[in-house]
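The structure under discussion appears below in the form of structure tokens.
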Amino acid sequence: MNALAAVDATPGLSAYLAELEVRLARAVERRDGFAAEVADEALCAGGKRLRPLLCFLAAPSSIEPPLAPGVAVELVHMATLVHDDLIDRAGYRRGRASAWARFGPGPARAAGDYLFARAFAELAATGDKRAVSTLASACLSLARGEALQRAQTHDPETSVESYLERCALKTGKLFEAACLLGAGLNRDEARELAEFGLALGIAFQIADDILDCTGETIDTGKIAGTDLREGTPTLPLLLAAREDPVVHRALAGGSLDGALVRVAATGALDRSRTVALEYAERARECLNGEVHSDELEAMTYAVVERRT
């Protein structure tokens, strides 16, 4: 059984994810209007539902499955994707036309805002002010990470440390929030699970950036080399740019001809995967006998081994 199959077999998970989809659809359809219609298109694009999965696996057995937190973190994630596609002018998301490409920038911006609003409405309805504060903090980190990415665009001299900071802000902090919200903020294990989520999120993002250099469109839902074309300095691109002037010039905004092939030739993909594995190991070191420790451990392998 591979790592992801081991997670999928978790008792109660399939029922949780089925109910999650119902709750997501209900949350998006709660208000009438064009923004909700555009947001519903983003929902129909599907996704791994990885952040709600973390909510479920982080939860103690003594509480009900954390549906409201799972819905909230997934809606935030969906909102960031809609806004990211708008900012990057990405034409496709998971093999479908992106919201901005299909409906235009105004509706896409409104749909992303609507999804953010619905996320906080779902969580606020629980009456848990600390949970709302935790999600708000994660959203602030997302905004800081996006600003940092804008500042780093077309800069092949971006340090690896700055890249990892961006991974923590744009990806790791929402993983961290998912674990915190699932665990319950008063649990002793919450701090360790938060550290687990942060490290796992960084490992996930590095793996995602490797896939951008290697993945086929049919598997990943986006065209390989998007980061290079947009000048986004990811770990494999930064490591390759240090050795190969063609990659360096391409990342700086020059010609892209042959650059993506040369990234692989430098060995940057293998070295990036080593870093991803190191963060996955950091995540495993944070586990301390939680109810779903085995499944959480399996997640650390699944996020690095994935092909999509």
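The values are calculated or read from the model by the stated rules, or taken from the named source; none is laboratory data. In this text the structure is predicted, and so the values were computed from the model without any measurement. Reconstructed Cβ throughout: ideal geometry from the backbone, glycine too, with neighbour counts over all protein chains shown. Please note that ligands, DNA and RNA were not included when accessible areas were found on the heavy atoms of the full protein model with its side chains. Shrake-Rupley method; radii C 1.70, N 1.55, O 1.52, S 1.80 Å.
Some notes on this structure:
- Pairs of Cα atoms in region 1-152 fall into 10 Å distance bins, from 0 up to the last occupied one, in shares of 11, 38, 35, 15, 1 percent.
- C-alpha center-to-center spacing [region 223-298, region 126-150] in angstrom: 25 Å
- Look at the alpha carbon pairs under 8 Å that are at least 6 residues apart: their mean separation over the length of the chain gives a relative contact order of 20 percent.
- Euclidean distance of C-alpha centroids, region 166-186 and region 64-125, integer Å: 18 Å
- Segment Leu148-Ala18, extension gain: residue separation times 0.36 nm, minus the distance between their alpha carbons: 43.2 nm
- Each residue, Glu281 and Arg31, gets one label point 7 Å from its Cα in the Cβ direction; the gap between the two is 4.8 nm.
- Modelled FRET efficiency - R0 25 Å, Glu243 with Glu305, Cβ distances, 0.05 increments: 0.45
- The stretch between Arg271 and Ala136 holds 45.2 nm of extra length on full extension. This uses 0.36 nm per residue minus the Cα-Cα distance.
- For region 115-182, the set of GluC sites (Glu not before Pro) satisfying both a DSSP loop assignment and a count of at most 16 other C-beta atoms within 10 Å is given as Glu157.
- Over 16 Å [Cα-Cα, region 6-83], rounded percent: 49 percent
- The mean sequence distance of close C-alpha pairs (under 8 Å, at least 6 residues apart), as a share of the length of region 64-196, puts its relative contact order at 25 percent.
- About the Cα centre, charge dipole magnitude for the chain (Lys/Arg +1, Asp/Glu -1 at Cβ), debye: 700 debye
- Values of log10 I(q)/I(0), in the order q = 0.17, 0.18, 0.19 Å⁻¹, for region 96-210 under a Debye, Cα-only, solvent-free model: -0.98, -1.05, -1.11
- All other residues whose Cβ lies under 11 angstrom from that of Glu176 are scored, Lys and Arg at +1 and Asp and Glu at -1, for a net of +2.
- Label-point gap, in nm, between Ala117 and Asp8 - each point 7 angstrom along Cα→Cβ: 3.8 nm
- Surface share of carbon and sulfur [accessible, 1.4 angstrom probe, percent] for region 42-133: 55 percent
- Principal-axis tilt of helix 34-44 within the chain, Cα atoms, nearest 10 degrees: 80 degrees
- Only DSSP H runs of four or more residues enter the estimate; each adds -39500 (n - 2.57), and after division by the residues of the chain the mean residue ellipticity at 222 nm equals -22500 deg cm²/dmol.
- Working from label points 7 Å from Cα in the Cα-to-Cβ sense, the Cys44 to Arg191 distance is 4.7 nm.
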